[in-house]
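Colleague: Following this message is one structure expressed as structure tokens.
A short reminder: the numbers here are calculations on the coordinates, not readings from a lab. Note that the structure is a prediction, hence the values are computed from the model and not measured. We place every Cβ from the backbone using ideal geometry, glycine too, and count neighbours over all the protein chains shown.
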Amino acid sequence: MSFPTRINYGPPLGYPGDQASANPTRTAIPGELGHRAGDGGVTVGAFAWVQDDGVTVLNKPPASTPNAPPTGFAIRDQSNVNLGNVLSQSTMIVPPNFMVTLHTGGDYFAVSSTPATPGQAVYASLTDGTIQTGSPGAAPSGTSATGWIVTRGADAGAVMIMSATVGPAQASSPSSSGKTS
């Protein structure tokens, strides 16, 4: 373990990928084989896409639909995925072949590379699923609209809260039955 390089004087608002409220959530329902992290893993606290096989999840869209909106937000719901080396540095990467949970609605802590103010739209980078915010309907270059909005703002790089309504169900992956919960 490396020497600490910063000191936090108080707990953070929350951790990227964690649920920010007790409001209802919606999960992208996988097919029979589940959703599994692809090569390189999946970054928690970022948006991710189910690939054309209906199982593999990456922080970028499938090559067949390079501008597709993300399937969902990769949440922080696994503990101790660092099983082989428990005392090593922590990580926000779900390792390849591990199960991944993607949420399509609810209230979550996240970090944006741009300043976030309440009411702004949340956009996902098409290269790594990271978050940018902006005016609704004005997606920054290289991003896709997510359908999420900022509900508690923050400076760029700080923890914000974003929300998506838990409304009518929509298809989550090519192999899904078209249901989400």
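Colleague: What percent does the relative contact order of the stretch 26-164 come to when contacts are Cα pairs within less than 8 Å and at least six residues apart? Walk me through the intermediate numbers first.
Modeller: Details: 354 pairs, mean separation 34.5, N = 139.
Once normalised by length, the contact order is 25 percent.
Colleague: Suppose R0 equals 41 Å; then what is the FRET efficiency for Tyr9 and Asp52 from their Cβ-Cβ distance, rounded to the nearest 0.05? Could you put the intermediate results ahead of the total?
Modeller: Values: r = 47 Å, r/R0 = 1.14.
Between Tyr9 and Asp52 the formula returns 0.30.
Colleague: If the chain between Ala145 and Ser21 were fully stretched, how many nm would it gain, using 0.36 nm times the residue separation less the Cα-Cα distance?
Modeller: Details: separation 124, 0.36 × 124 = 44.64 nm, distance 2.28 nm.
Working it through step by step, the gained length comes to 42.4 nm.
Colleague: What's the FRET efficiency of Thr117 with Thr91 using the Cβ-Cβ distance as r and R₀ = 22 Å, to the nearest 0.05? Could the numbers behind the result be given before it?
Modeller: Details: r = 30 Å, r/R0 = 1.37.
Approximately 0.15, to the nearest 0.05.
Colleague: Note the full-extension length gain between Asp155 and Ala63 as 0.36 nm times their separation in residues minus their Cα-Cα distance, in nm to one decimal.
Modeller: Numbers: separation 92, 0.36 × 92 = 33.12 nm, distance 3.26 nm.
Here the answer is 29.9 nm.
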